[in-house]
1. Mind ranking 312-321, 373-382 by how tightly packed they are, going by the mean number of other C-beta atoms within 10 angstrom, highest first?
2. Excluding ligands and nucleic acids, what accessible area in Å² is computed for Y285 using a 1.4 Å probe, to the nearest 10?
3. Could you work out the Rg to Rh ratio of the stretch 264-365, with Rh taken as the Kirkwood radius (inverse of the mean 1/r over all Cα pairs)?
4. When the helices in the chain are scored as -39500 (n - 2.57) per DSSP H run of 4 or longer and the sum is shared across all residues, what 222 nm value do you end up with, to the nearest 500 deg cm²/dmol?
5. Starting from 0 in steps of 5 Å, tell me what percent of the Cα-Cα pairs of the stretch 448-601 lands in each bin.
6. Kindly report, to the nearest 10 Å², the accessible surface of V584 as traced by a 1.4 Å probe over protein heavy atoms only.
7. Whenever you get a sec, line up R420, R260, R354 from highest to lowest accessible area (probe 1.4 Å, protein heavy atoms).
8. Once you sort the root eigenvalues of the Cα gyration tensor of the stretch 46-109 as a ≥ b ≥ c, which label holds: rounded (a/c under 1.5), prolate (a/b larger than b/c) or oblate (the other case)?
Amino acid sequence: MTILLAALAVPALLACCIAAGGSRSIRVTQVLALGGPLAVLSSGLAILAGRGGAVAEWSTTWLAQGDVHVPISFSSDALSGVMLAVVGVVAACVVCFSWGYMAHEEGRPRYFSILMLFTGAMAVLVLAQDLVTLFVGWELVGACSYLLIGFWYRRPAATRAAIKAFMTTRVGDAAMLVGMALLWRAAGTLSIGEISSSVGVLPQATTTAAALLLFVGAAGKSAQFPLHIWLPDAMEGPTPVSALIHAATMVASGVFLIARTWPLFEASQAARGVMLAVGVLTAVYAAVVAVGQSDIKKMLAHSTISQLGFMFAALGAGAWGAAMFHLVTHAAFKALLFLAAGSVIHATGTQDLREMGGLFRKMPLTAACWIAGALALSGWWPFAGFFSKDAVIAAVAATSPFASWVLVATSALTAVYIWRATAHAFFGEREGEASVHGSGLSMALPLVLLATGALALGWFGRSLADVLGAHEVHAQAGTLAAAVAAVAAGTGLGAAWYLRERRSGTEIPSGAVLNAVRSGFGVDASVETVVVRPFVAAARWIAGAVDRKVIDRLANGVGGASVTVGGAFARLQTGEADVYASFVGVGFVVLAAIALWVGGR
């Protein structure tokens, strides 16, 4: 019980304290904010120390109607312990980094209090024992994401991005709600444990439909094609937010949802096939788009979408352990890359890679940490991505050799864009006009910690599999050789591309090809044309033709009629007793006549 209270209550209480303290006490409360992630991390480590056993449970009735009871319940196991540890470490690094990055920003109490609320909401999601409680945490992290993306709400681009993220993820959430209703109707419960136990007796069609609906919810939160369109725009928020929410924790909650309800997906080959196809498509598509980006944060955003595609491909191949392994390593090296990018942006005042250059000499620590993250992301040995990404490719190869080769090619593209960006930012000569200033200790320490994780976490794949009770995937020699060759080729191509750009002063490819790649091949614009504009047009027509002309006129007519009738009766209020006596006499006669007529019948 103490473990659950620490993870759930401490971040929520700190969020209230920071908000109540306001700007006057922010120098103190922002330091106290570190207590929220540390409490979550401590809870995760305590759970893992129990080797995955259920060390704490708590449940109470939330809603009741007749014989129907909707509980709110929490429990801890190995999977929740791993996720709490990931959330705690990354959130602690982000809070520490934000002390320097957000030092001169207005609204810091709002910023840190929402960070604490988000941390607590992730704990709710991770520790939930039933789908209703999980959905509460699910929606809370979505609300916090909306608030943090739109933190600079005076910028129109930030408010548009926040609304876009909120509305796009609601599509997946609606599907998830329908899936929950289907499971409630079929199994009579929303307890995750009871649903998992009853999978064998559910009709196959019901199992597949519920699994697919939950997958749509996961795809919305984890930015899978075509619901990926919100994540690149979400980079309008502060960079530490991107590291916490849009690289390591919230976007990974879709993968966690599938792993948490795995028996449902294990029983549906069709649902796994859809996940595999969508994951592979998302991985390669987002990697291609990332190649054409010149904005360092949007490049990393598309990289995140691509790596999430790897995780869903592993889930589709039935290797949920490999997916969780890649989730853990990706959380370390992608949070590292985002925070290193934040350090560069903080120092140079730009996000455009074309305006950077030569930063290795001026920011050696940031450069070294970025390179560690780039080595892990691209999959170079002995960094973490080498082990987890190759485990995903090996798992997919056992199910679909073609899909595994697509992922190998995607690994090459990953190396292309990350090493081209590395060369642009840290080597060559600086082309921008702004001066470079270094980052403080509070921004440097999280980089070092995450860089250590990017180097070391890959060696704990077997331990993670043992704790989770999942099968450890080993890559075959041929698959491993192909993956290494792809990474080497991609690294060389990225470096060659950078050198050619420097010599020619232009970007390659040029013209329509580059514009198509940068725009994501028009997927976002197509959604705008096919979905958003027709719905907006329909809403405007309903507002004009139905709301104003029918509903408003009806409401106004009732009100006008009431005023007219009231005015007529008001004129009868003369204040003269003889007039009132006449009304009484007439009324008596009328009532007597009615009584005699009714009695005569």
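1. On the way: 312-321: 27.0, 373-382: 24.0.
Put in order of decreasing packing, that is 312-321, 373-382.
2. Surface open to solvent at Y285 totals about 30 Å².
3. On the Cα set of the stretch 264-365, Rg over Rh gives 1.12.
4. -23500 deg cm²/dmol
5. Going out from 0 Å in 5 Å bins, the stretch 448-601 shows 1, 6, 5, 5, 7, 6, 7, 7, 6, 5, 4, 4, 4, 4, 3, 3, 3, 4, 5, 5, 5, 1, 0 percent.
6. Only protein atoms counted, so the area is about 100 Å².
7. Result, largest first: R354, R260, R420.
8. It is oblate, given that a/c is not under 1.5 and a/b is not larger than b/c.
The values are calculated or read from the model by the stated rules, or taken from the named source; none is laboratory data. Treat the numbers as computed from the prediction; the structure is a model and nothing was measured. Glycine gets a Cβ as well: all are built from the backbone with ideal geometry, and neighbour counts include every protein chain shown. Surface accessibility is based on the protein's heavy atoms, side chains included, excluding ligands, DNA and RNA. Shrake-Rupley method; radii C 1.70, N 1.55, O 1.52, S 1.80 Å.
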